Amino acid sequence: MSILPQLIANSLIAAGTYALIALGFNLIYAATKFFNLAHGAMATAGGYAAFFLLQSFVGINVVLAAALGVLFAGLLGWALDRAVYRELRKRKASNTVLLVASLGVFTVIQAVIAMIFTSQFQTLSGGAADSVYQIGGAAVTETQVIMIAAAVAIAAGLGLLLKKTLLGKEVRAVSDDEEVAKIVGINTERVIGWVFFIGSAIAGLGGILVGFDTGLQPTMGMSLLLRGVIASIVGGVGTVYGAAAGALLLGFVENFGIWKISGEWKDAIAFSLLIVFLVFRPQGIFKR
Amino acid sequence: MLILETKDLSKRYDGVAALDGLSLGIEAGAVTAVIGPNGSGKSTLVNVLSGVAPKTGGRIAVSGVALGRITASDVAAYGITRTFQEVRLFNQMNVMENLLVVLTEKNVFGAILERHAEKHARRAEELLRKVNLWEKRSELAGGLSYGQRKLLEIARALASGADIYLFDEPFAGLFPEMVKIVEGVLVELRREGKTVVLIEHNMDLIRALADRVVVLDGGKLLAEGATAATLGRREVLEAYLGE
Ligand SMILES: Nc1ncnc2c1ncn2[C@@H]1O[C@H](COP(=O)(O)OP(=O)(O)OP(=O)(O)O)[C@@H](O)[C@H]1O
Ligand SMILES: [Mg+2]
């Protein structure tokens, strides 16, 4: 039996995960022009919020718990923007200052999660076996199918939102020229608030699905963040299509890259891809 | 009535006094031309009045209300809009969207579902036809020609429905037929009772369009008054000849 179908499936699953992080990361970058490293912690927070609900309210509907986890991550991202980034913007902080602040926020959120939930490995599925489907010669779990479907649906939905709604136009206006957006009467702070809510909620969903797929750990945010950042840069920072394309490419390169070698090389392969792009095509696949 | 007033207004860029104790008044419902040699502070005046550059001293009043400071976020609420000497559009958006993003109501629910879409689309069409860009409505603003970009920026200013229009050299670099369009826009604004501040170098256009003239030199007020009389004053002629 060929290993190829499984490799393709694994690539798509990985791409789905990365896309769920990269989409929000890129959206936030488009509006604010800084690398929000705390974005990884939104995934962790979403995962643990769902975990908390499933633990505290035995018998709670799983979908409801996941939805509330997503909402929590979105609100956390929004509040973070309000409390930290917005204040820094008011003080005309540079993007480097915002980046460093976001790293600080990331560390704090990760530490708080570890304090509340311990550093122990947890799973959202509570040990219940996931249904496994055989699709074209590859074994894929229900969670993984949801992961891929969610990534595709959200990428398409985000594209539509940006293209068709007023909020989308306002986001693109802020992304193009924030000062002119203000002058023509766009409430740029409100727009950025929405962007943080939406982007963080998507990351929260990513964290929850990872929690069902492989499990939760307070430190999980960093590796998700790195994959999201690499996918964003490779795809083209600040664009929806870029995030999706970058995630897809990264997923395939990683999984096909370890075909003949040990899986421990995954990180090295991911960063090699990043370096290749930074050197030869720094604007990414889709140039803004 | 003075709709815009500055008192001892100053703006320093480290070392350079771009505006230097400038006190002037802009009449409501009139077209006021701001003239002066290159580097005399005309653009800086518009930048300060539109919150793009924070003033470093002095006072500004809009409709008689003194403002502590004026930021880019408040100018729309004060009924002020502007264009830039170096055109600034939303380049990733198409021509139509550049207007729709300004026209559509800015409330929370309207943000999700674009309400009154038809009304806004009609207004956008009207404005684009006025500046002869209707055929280009689906093209990216970033891909337009220089003159078309200037016209779109003017249409976007009109879309704001402001009372006060600050135009920074709207005619510069335009073909004659485009100049005609912009002239038409200014005449119409004046007829509607709007206030226009027009930075312009071409004296024929100023004589044809402006009710009043403000002359700047070195960030200071050199002269101010009705167009014909002010343009005829000796110090004004000298400032231009000495350029
Ligand atoms: N952002 C800036 N940083 C530093 N100096 C500036 C800046 N903007 C303007 N200046 C300086 O302020 C002075 C006035 O410039 P301003 O652009 O207002 O002149 P202007 O009258 O609009 O000239 P022009 O007719 O060439 O457009 C000039 O000396 C200019 O170099
Ligand atoms: Mg100028």
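What follows draws every value from the coordinates through simple rules; no lab data is involved. All values derive from a computational prediction rather than experimental measurement. Methodologically, a virtual Cβ is constructed for each residue, glycine included, from the backbone with ideal geometry; neighbour enumeration extends over all protein chains shown.
Ordering A:ILE21, B:ASN47, B:ILE164 by the projection of their Cα atoms onto the charge dipole of the protein assembly as shown, which places +1 on the Cβ of Lys and Arg and -1 on the Cβ of Asp and Glu, puts B:ILE164 at the extreme positive end. Remark on A:GLY185: its backbone amide H falls under 5 Å from those of B:ALA76, a criterion applied only to residues 5 or more positions apart or on other chains, H modelled at 1.01 Å from N. Only the Cβ atoms of Lys and Arg (+1) and of Asp and Glu (-1) were treated as charged; on that basis the dipole of region A:194-288 about its Cα centre amounts to roughly 320 debye. Tell me the net charge near B:PHE84. Cut-off is 12 Å between Cβ atoms, B:PHE84 excluded, with +1 for each Lys or Arg and -1 for each Asp or Glu. Neighbour charge sum, excluding B:PHE84 itself: -1. When A:VAL210, B:VAL87, A:VAL58 are sorted by how many other C-beta atoms sit within 10 angstrom of their C-beta, beginning with the fewest, the order is A:VAL58, B:VAL87, A:VAL210. Among B:ARG234, B:ARG59, B:ARG149, sorting on how many other beta-carbon atoms sit within 10 Å of each Cβ, with the fewest leading, yields B:ARG234, B:ARG59, B:ARG149. I want the local charge near B:ILE26. Using Cβ-Cβ distances under 11 Å, sum +1 for each Lys or Arg and -1 for each Asp or Glu among the other residues. Within the 11 Å Cβ shell, the charges total -3. Only Lys, Arg, Asp and Glu carry charge here, each on its Cβ (+1 for the first two, -1 for the last two); on that basis region A:97-183 has a dipole of about 160 debye about its Cα centre. For region B:131-182 versus region A:44-89, the spacing of their alpha-carbon centroids is 46 Å.
Neighbouring Cβ atoms from other chains, within 10 Å of the Cβ of residues in A:171-179, number 5 on average. Based on DSSP H segments of at least four residues, each scored -39500 (n - 2.57), chain B has a per-residue ellipticity at 222 nm of -10500 deg cm²/dmol.
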